[in-house]
């Protein structure tokens, strides 16, 4: 089908289909596919399956938190010696964001923690 430029689509020689009718049918079909519970169920099941193999126990998270805190402390000591370093400031912001994420994950139930790791792909062991 080709748009004829006058709110119709041409379907071969002599056949014209109103664009609004065709587009409406296409959008309705797309919405049915997108919002179908089967599709959503498959998506959730896949997320759950992917989350099962991820390690996100509280001990690992607390270890990550200590590591991040150490790195932030080291960067702050270094920043005292080189206060105008934009790279240091950028890395400090990255570490603070990572620390906030880990703190949030520590507070989540185990399954949600693993699922969040899976969806965000925030840490190397989750990728």
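The values are calculated or read from the model by the stated rules, or taken from the named source; none is laboratory data. Just so it is clear, the model here is predicted, and its values are computed rather than measured. Reconstructed Cβ throughout: ideal geometry from the backbone, glycine too, with neighbour counts over all protein chains shown.
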Quiz item: Which numbered condition trips up residue 89, out of (1) at pLDDT 80 or above; (2) within 30 Å of residue 8 (Cα to Cα)?
Solution: (2)
Quiz item: Among the helices (runs of 4 or more DSSP H) confined wholly to segment 1-86, which include 1 or more residues that are in contact with a strand residue (DSSP E or B) (Cβ under 9 Å, 6 or more places away or on another chain) and either surrounded by 11 or more Cβ atoms within 10 Å (Cβ to Cβ) or modelled with pLDDT under 75 (or both)?
Solution: 19-35
